[in-house]
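> To start, I am sharing the structure in question, which I have written as structure tokens.
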Amino acid sequence: MTQVMMAMSGGVDSSVAAAMLVEQGHEVVGVTLKLWGGDSDSGCCSVSDVDDARWVADQLGIEHHVFNMGADFDTHVVDPYVENHAAGLTPNPCVECNRHVKFGKLHDRAKALGFDAVATGHHARLETLADGTFRLGRGADTAKDQSYVLYMLGQEQLGRLMLPLGGMTKDEVRAQAHNLTMRTADKPDSQDVCFITSVGGRQKFIGERLPLTPGIVVDTDGNQVGEVEAVELVTIGQRRGLGLAGGSDPRFVTDVNPTEARVTIGKPKDLLVESTPLGQLVWADQPVGSGADAGTAVMVQVSAHGTPAAATFHVDDQGLGHVRWAEPHRRVAPGQSVVLYDAETADLVQGGGIVVRDAEK
Amino acid sequence: MRACAIEAMEQQMRASAANPTGAHKLARDARKVLDRSRQIVAAEFGTDPGNVVFTGSGTEADNLAIFGLAGPGGTHGGLPVCSAIEHHAVLGPVELLGGGVVGVDARGVLDLDHLAAVLTDLMATEHGVAVVSVMLANNESGVIQPLDAVANVMAEICPDALLHTDAVQGVSWLDPKVHAAKADLLSISAHKFGGPQGVGALVLRSDIALNPILVGGGQERERRSGTQNVAGIASLAAALEQAGADRPAMVARVGALRDRLVDGLMAELDGVHESGVVDGDRSHKVAGSAHLCFEGIESEALLFLLERHGVFGSAASSCASGAQEPSHVLAAMGVDRALAAGSLRLSLGAASTDTEIDHVLSVLPDAVRQLRRGNP
């Protein structure tokens, strides 16, 4: 019997995951994290979500605790989110929450308290390779696959992780929740960033924490063609909200320069790049692409539900990673995570990193 | 709950659910129970039975004291002032009315110079000061507050203002006739001295005019409308009377248990700080309070491990979600935030035994070591 700390958000996935672990005979303790004390639509942290998690735990006959990790969430997720926007980056706060809170702080706490494993309701699979090392694989429901936001997990985390839903589709999860008459069976999936409200949006949240800088929009020849209210809120690849005259061919943001308050736009072809540089590299096990001049073949995914593209990957002498695309690829916004999967199946996470701004062209 | 409190409650619940303001025999019997309870409570505080206002909680009693006296809806109209370590049931109303907040020193004792400065400033405004609220003993640190000295400062600066004390935590350990002799109003809550949850009282020392915050049938002499919880009030009175009688012996016995517990933990572990205690002097703390901060660990994790060993403690205060919140009391005492994150409050009481202390001493040091290692 395994002692499992089950992370319960109050949503349908973690409710069913908890039920499966109980059914399998594990000793399960439910934990809900209080992360964000401010406004939220419902997110992961509101009182009603905690109520849902507690009621499900009661239904399953397991103990339920609330851990306040709000200070860590502020330090590692919210503050960097705002600082990154100030620097013209496009951060992914869910990745940082997984890295520092769920699979950092909570992982460490579970270990210190004597638990054998942490379980979550993510749609992803755990695989054990022939050499005994662990890999994260995609969830059976490809539309709901969450392996991208878990790419930072190394052997230490993977070795103590349980993902009960890895082999199930979302429909199967909801059906199971109905079978168990769980109150969370029809609860909508959480959307977007939990600390950003749909009413105020990103602009309100960041605007309350940063002085926003109005900027100019220029074309590839440097001619001013529009204006934006806040350079900090513009993202590479963005098409709307640039104050452009209508009627012309679609144009996209190809560069954001926060120091000069300048946004550059271009045609779709201007967005294409040969390679993408990555920092903050992390690996499932051994580093990929180090020392191999030609690079290692990988499949690369640049957003949570994006389509993987073929590339080679190598790490240069400075420790910077380079994704060399097999075909020219749309530029990825600096600050975003890029995840490397195995070249054969694009199923197993090898590692990944965060796009850096320099010399991407 | 105390056995006498359970008996009193059960007896009344079985007798009838009659409304004590009714006219018939059952109602008049309920009224008798209410009258006798009121007399018992009045005697414990040295006041007239007509000055006891029963409420639904300690929080309601605190709110009634502040809102009933201060602000636009209060009988005195001026501003309220309180200490920075008050329970949120006092801090909340004071902050809502824009009142003053007074700091404490490193021992958790009210800063009387700061009090004088705040009162002087507010008396110079058009509002003046209606009420000063300083708790008898703090619910987290167990530190006893100098109410006589507070009254003396008030007499010089704002002689017309009233002194309210939240005695919810203190009344088990301190005789309110001695330690809160100069308080004009006192709040109590039954479950803190062996009575039931959901019943409290605001006790006035004289016939103080007080505007109600609940308006309706005019019960409690127009100061708190709503049918009285007769069984709960009977139980409160029984518990309070016995708590008063037991107090001297319990304080001596529990104080010795607490000292053995805290001294034992501090001897066994490094990096332990007893909150509000300087040079080992605990004379300003109530006997049942053991409040410690452990370096290098977090309260939530420690509480989790202790619970597995059958030890139920607390840290600071809990928010609506059940999560532990950073302590405003330790912050006011100037305790470093990282150290405050490792706080533990073990409350001893009438039911505490030597065996329990032995058990805590046998499991708590290992739990702290385990968390500091990060590994079982």
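> Among DSSP bridges having both ends in the protein assembly as shown, what percentage is antiparallel? Round to the nearest 5. Kindly include the intermediate steps, with their values, before the conclusion.
Numbers: 68 of 101 bridges.
Of all bridge pairs located within the protein assembly as shown, approximately 65 percent are antiparallel.
> Take every DSSP beta bridge whose two residues both sit in the range B:247-373, then give the antiparallel share in percent to the nearest 5.
Working: 12 of 12 bridges.
Around 100 percent of the beta bridges assigned by DSSP in the range B:247-373 are antiparallel ones.
> With Cβ to Cβ distances under 10 Å as the rule, what net charge do the other residues near B:Val102 carry (K, R +1; D, E -1)? Write down the numbers at each step before the final one.
Details: positive: none; negative: B:Glu86, B:Asp111, B:Asp113.
Net charge around B:Val102: -3.
> Can you give me the P(r) profile for the range A:157-310? Cα pairs, bins 5 angstrom wide beginning at 0, each as a whole percent.
Pair shares across the bins are 2, 6, 10, 12, 12, 13, 13, 12, 10, 7, 3, 0, 0.
> Along Cα→Cβ, 7 Å out, is where each label goes; now give me the distance between the ones at A:Thr75 and A:Asp221 in nm to one decimal.
In this crude spin-label approximation the distance works out to 5.3 nm.
> Using square roots of five times the C-alpha gyration tensor eigenvalues, list the equivalent-ellipsoid semi-axes of the range B:3-243 in whole Å, biggest first.
Working from the Cα gyration tensor, I get semi-axes of 32, 19, 13 Å.
> For B:Lys182, list the aspartates and glutamates whose Cα falls under 20 Å from its own Cα; do not include residues on the same chain fewer than 8 positions away.
Reachable aspartates and glutamates: B:Glu44, B:Asp48, B:Asp62, B:Glu86, B:Asp111, B:Asp113, B:Asp148, B:Glu156, B:Asp160, B:Asp166, B:Asp207.
> Additional query: Divide, for the range B:139-283, the radius of gyration over alpha carbons by 2.2 N^0.38 Å, where N is the residue count.
1.28
> Once the piece of chain linking A:Thr345 and A:Ser303 is laid out straight, how much longer is it, given 0.36 nm per residue of separation minus the C-alpha distance between them?
13.3 nm
> I want to check the label-to-label distance for B:His24 and A:Thr259. Put each point 7 Å from Cα in the C-beta direction and report it in nm to one decimal.
So the label points at B:His24 and A:Thr259 sit 8.8 nm apart.
> Can I ask one more? Rounded, prolate or oblate: pick one for the range A:84-205, where a ≥ b ≥ c are the square roots of the eigenvalues of its C-alpha gyration tensor, a/c under 1.5 means rounded, and failing that, prolate if a/b is larger than b/c, else oblate.
Taking the square roots of the gyration eigenvalues as a ≥ b ≥ c, the range A:84-205 is oblate.
> In deg cm²/dmol, rounded to 500, what helix-only [θ] at 222 nm does chain B give when every DSSP H run of at least 4 residues adds -39500 (n - 2.57) and the total is split over its residues?
Only helices count here, giving -13500 deg cm²/dmol.
> Here is a follow-up. Relative contact order, percent, of chain A when contacts are C-alpha pairs under 8 Å separated by at least 6 residues?
Once divided by the residue count of chain A, the mean separation gives 16 percent.
> A follow-up question, please. Can you tell me the relative contact order of the range A:271-355? Whole percent, Cα pairs under 8 Å, sequence separation 6 or more.
Working: 204 pairs, mean separation 33.5, N = 85.
This gives 39 percent for the range A:271-355.
> Using a Förster radius of 60 Å, what is the FRET efficiency between B:Asp354 and A:Asp270 based on their Cβ-Cβ separation? Nearest 0.05, please. Mind dumping the intermediate values first?
Details: r = 80 Å, r/R0 = 1.33.
That pair, B:Asp354 with A:Asp270, gives E of 0.15.
> Note the direction-averaged projected area, equal to a quarter of the hull surface, for the Cα convex hull of the range A:191-254, in nm². Intermediate values should be presented prior to the final figure.
Details: hull surface 21.6 nm².
The orientation-averaged projected area of the Cα hull of the range A:191-254 comes to 5.4 nm².
> Taking a threshold of 27 Å on the Cα-Cα distance, which of the pairs A:Lys102/A:Lys170; A:Lys34/A:Lys170; A:Lys111/A:Lys170; B:Lys32/B:Lys192; A:Lys111/A:Lys144 fall above it?
Cα-Cα > 27 Å for A:Lys111/A:Lys170; A:Lys111/A:Lys144; rest within.
> How large is the helix-only mean residue ellipticity at 222 nm for chain A, computed as the sum of -39500 (n - 2.57) over DSSP H runs with n ≥ 4, divided by its residue count, in deg cm²/dmol to the nearest 500? Present the calculation step by step, with values, prior to reporting the outcome.
Values: 9 runs with 71 residues, N = 361.
Helices in chain A give a 222 nm mean residue ellipticity of -5000 deg cm²/dmol.
> Would you please state the base-10 log of I(q)/I(0) at q = 0.11 1/Å for the range A:3-179, with intensities from the Debye formula using one equal scatterer on every alpha carbon?
These q points yield log10 I(q)/I(0) values of -0.46.
> Can you give the FRET efficiency for B:Asp113 and B:Ala3, using 1/(1 + (r/R0)^6), R0 = 41 Å, r = Cβ-Cβ distance, to the nearest 0.05?
The computed FRET efficiency comes out at 0.30.
> If every alpha-carbon in the range A:271-355 counts as one equal scatterer, what log10 I(q)/I(0) does Debye give at q = 0.18 1/Å?
-0.66
> Would you list which lysines come within 21 Å of A:Lys267, measuring only between C-alpha atoms, while excluding same-chain residues fewer than 8 positions from it?
Cross-link targets: A:Lys361.
> Of A:Gly279, B:Leu110, A:His64, which is farthest on the positive side of the dipole of the protein assembly as shown, counting Cα position, with +1 on Lys and Arg Cβ, -1 on Asp and Glu Cβ, and the Cα centre as origin?
With unit charges placed on the Cβ atoms, the residue in question is A:His64.
> So in chain A, what percent of DSSP beta bridges are antiparallel if you round to the nearest 5?
Counting DSSP beta bridges with both partners in chain A, the antiparallel share is about 70 percent.
> On to the next question. Note down the magnitude of the dipole of the range A:211-266 about its Cα centre, charges +1 on Lys and Arg C-beta and -1 on Asp and Glu C-beta and zero elsewhere, to the nearest 20 debye. Before the final figure, lay out each step's value.
On the way: 4 positive and 8 negative charges, 35 e Å.
In total the dipole reaches around 160 debye.
> On to the next question. Tilt of helix B:112-123 relative to the longest C-alpha principal axis of chain B, in degrees (0 to 90, nearest 10)?
Helix B:112-123 sits at roughly 40 degrees to that axis.
> Next question. Only four residue types carry charge here, +1 at the Cβ of Lys and Arg and -1 at the Cβ of Asp and Glu. Report the dipole size of the range A:3-179 about the Cα centre in Debye, rounded to the nearest 20.
Working: 14 positive and 24 negative charges, 68 e Å.
Dipole of the range A:3-179, to the nearest 20 debye: 320 debye.
> To the nearest 0.05, what FRET efficiency results for A:Ala87 and B:Asp148 with a Förster distance of 45 Å applied to their C-beta separation? List each step's numbers first, then the result.
Details: r = 58 Å, r/R0 = 1.29.
Given R0 = 45 Å and the Cβ-Cβ separation, E is 0.20.
> In degrees between 0 and 90, to the nearest 10, how far off the longest principal axis of chain B does helix B:58-69 point, with axes built from Cα atoms?
Helix B:58-69 and the main axis of chain B meet at about 50 degrees.
> Can I ask one more? Based on alpha-carbon centroids, what's the gap between the range A:49-86 and the range B:82-141 in Å, whole number please?
Result: 34 Å between the Cα centres.
> Mind checking the angle between helix B:354-373 and chain B's longest principal axis? C-alpha axes, 0 to 90 degrees, to the nearest 10.
60
> Given a 10 angstrom Cα cut-off, can you work out which residue in B:Leu162, B:Leu69, B:Leu306 is the most mobile in a GNM of chain B?
Its mean-square fluctuation being the largest, the pick is B:Leu306.
> For the pair A:Glu27/B:Val363, report the inter-label distance in nm, with labels modelled 7 Å from Cα in the Cβ direction.
Here the modelled spin labels are 1.3 nm apart.
> Which residue, chosen from B:His328, A:Trp36, B:Gly56, occupies the Cα position most advanced towards the positive end of the dipole of the protein assembly as shown, where the dipole is computed from +1 (Lys, Arg) and -1 (Asp, Glu) charges on Cβ about the Cα centre?
B:Gly56
> Here's something else I'd like to know. Can you report the principal axis dimensions of the protein assembly as shown using only the alpha carbons, biggest first, rounded to whole angstrom?
Ordered largest first, the protein assembly as shown gives principal extents of 91, 62, 58 Å.
> Filter the GluC sites (Glu not before Pro) in the range A:142-210 down to the DSSP loop ones having no more than 14 other Cβ atoms within 10 Å, then list what survives.
Loop-located and lightly packed - A:Glu208.
> For chain A, just the Cα atoms, rotate onto the principal axes and tell me the three extents in Å, largest first.
Reported extents, whole Å, longest axis first: 66, 48, 35.
Read-outs throughout are calculated quantities, based only on the coordinates presented, and are distinct from any laboratory measurement. This is a predicted model, so every value here is computed, not measured. Don't worry about glycine lacking a Cβ; one is built from the backbone with ideal geometry, like all the others, and counts go over all protein chains shown.
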